[in-house]
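Report on the structure given below.
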Amino acid sequence: MKILPREFYERKTPEVARGLLGKLLLHRDDEGETGGIIVETEAYLGKGDPASRASKKKTKLNEIMWSRGGLAFIYMVHGKWLFNITTEKPGIPGAVLIRAIEPTIGIELMIKRRQVQNILELTSGPGKLTEAMKITKELHGVDLTLPESPLIVCEIGLKNLEICSSHRIGVKKDLQRKLRFFVCGNPYISKQKPFKRAL
C-alpha cells in the first residue's frame with residue numbers, strides 16, 4: 001500500500017474530497033489496527049464558505065486549516081469527534097471531513113468500541129467512524145503523509161468508482177456548489193439525500 005503524499009492533499013479542496021473516495025484510512029494504536037475504505041467526504045473551503053470553520057478569521061481552533069495539506073484536523077461537535085484532513089497549499093485554508101468508511105480492518109475491535117451489531121451502522125457517519133477507530137483530539141495535528149504516523153491514508157488501487165454529489169449534511173447555510181461526495185449506492189454512507197452523479 002502506498003501512503004498518499006503531501007502533493008495529493010495540497011490541491012483544491014473539492015478535488016481532494018473527491019479523490020479520497022476509494023482510499024484506505026488506517027489507524028494504528030496499542031489496541032490494534034482499524035480502518036476501511038473512504039466512501040463519503042465533504043469539502044470545506046475558506047472565506048465565503050458559511051459552513052466552514054475558516055469562513056471568518058483565524059482562531060486557535062481553526063488555524064491548522066491554513067497550514068500545509070495532509071494534517072489531521074480534529075474537533076468536537078455535539079459530543080462527537082470529527083476527523084478532517086487539511087488541504088491546499090500553506091496559507092490557503094481548506095479541509096475535508098471524512099464522513100463515512102466501509103469497514104475492512106479491525107472490524108471486531110470497532111464493534112467492541114461502538115457496541116453495535118449491525119455492521120452498516122458501524123462507521124456510517126463522522127462521529128461513528130471516529131468512535132469505532134478511536135480517533136480523538138490526541139491525533140489533532142498528526143501528519144498523515146509520514147510512514148510512522150498512527151493515522152495514514154493509502155492508495156489501494158480501486159478505480160472507476162461511480163461518484164455522486166450532494167449538498168453537505170447538517171449545515172445551517174451552504175453554498176450552491178455540491179461539496180459532499182460519496183460512492184454511489186454504497187451501503188455505508190451516512191445518510192441518503194437527493195443527489196446527482198458527479199461529472
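Just a few scattered comments:
- Any hit, region 53-70, residues being under 12 Å from the mean Cα position of the chain (by Cα) and among the aliphatic types (A, V, I, L, M): no
- Residues satisfying the stated conditions in region 117-165, i.e. of a type in the set (A, V, I, L, M) and not in a helix (DSSP H, G or I): Leu122, Ile135, Val142, Leu144, Leu146, Leu151, Ile152, Val153, Ile156, Leu158, Leu161, Ile163
- Filter result (charged (D, E, K, R), closer than 17 Å to Ile98 by Cβ and either outside any strand (DSSP E or B) or in contact with a helix residue (DSSP H, G or I) (Cβ under 6 Å, 6 or more places away or on another chain) (or both)) within region 37-75: Arg53
- In this structure, Thr41 qualifies as touching a strand residue (DSSP E or B) at 6+ places or on another chain (Cβ under 6 Å) and either without any contact (Cβ under 8 Å) to a residue 24 or more places away in the chain or of a type in the set (S, T, N, Q) (or both).
- Selection within region 37-63 - among the hydrophobic types (A, V, I, L, M, F, W, C) and at pLDDT below 75: Ala51, Ala54
- Every residue from region 110-121 that is aliphatic (A, V, I, L, M) and either buried (at least 21 other Cβ atoms within 10 Å of the Cβ) or within 19 Å of Glu138 (Cβ to Cβ) (or both): Met110
- Across region 1-31, the qualifying residues are those that are among the aliphatic types (A, V, I, L, M) and not in a loop (DSSP other than H, G, I, E, B), and the one among them that is farthest from Leu71 (Cα to Cα) is Leu24.
- Considering Ile98, Ile92, Ile107, Ile85, the condition of being surrounded by fewer than 20 Cβ atoms within 10 Å (Cβ to Cβ) and modelled with pLDDT of 95 or more is satisfied by Ile107 alone.
- When residues of region 169-189 are limited to those that are in contact with a helix residue (DSSP H, G or I) (Cβ under 8 Å, 6 or more places away or on another chain) and part of a loop (DSSP other than H, G, I, E, B), the one surrounded by the fewest Cβ atoms within 10 Å (Cβ to Cβ): Pro187
- Verdict on Ser166 being in contact (Cβ under 8 Å) with a residue 12 or more places away in the chain, more than 22 Å from Pro5 (Cβ to Cβ), in contact with a Ser or Thr (Cβ under 7 Å, 6 or more places away or on another chain) and surrounded by 15 or more Cβ atoms within 10 Å (Cβ to Cβ): no
- Check on Thr104, out of contact with any Ser or Thr (no Cβ under 6 Å at 6 or more places or on another chain), closer than 18 Å to Arg28 by Cβ, not in a strand (DSSP E or B) and not aliphatic (A, V, I, L, M): no
- Meets criteria (β-branched (Val, Ile, Thr), outside any loop (DSSP other than H, G, I, E, B), closer than 20 Å to Thr136 by Cα and modelled with pLDDT of 95 or more) for Thr34: yes
- Of the residues making up region 124-146, just one is of a type in the set (Gly, Ala, Ser), in contact with a helix residue (DSSP H, G or I) (Cβ under 8 Å, 6 or more places away or on another chain) and surrounded by fewer than 24 Cβ atoms within 10 Å (Cβ to Cβ), namely Gly141.
The values are calculated or read from the model by the stated rules, or taken from the named source; none is laboratory data. In this text the structure is predicted, and so the values were computed from the model without any measurement. Cβ atoms come from the backbone with ideal geometry, glycine included; neighbour counts cover every protein chain shown.
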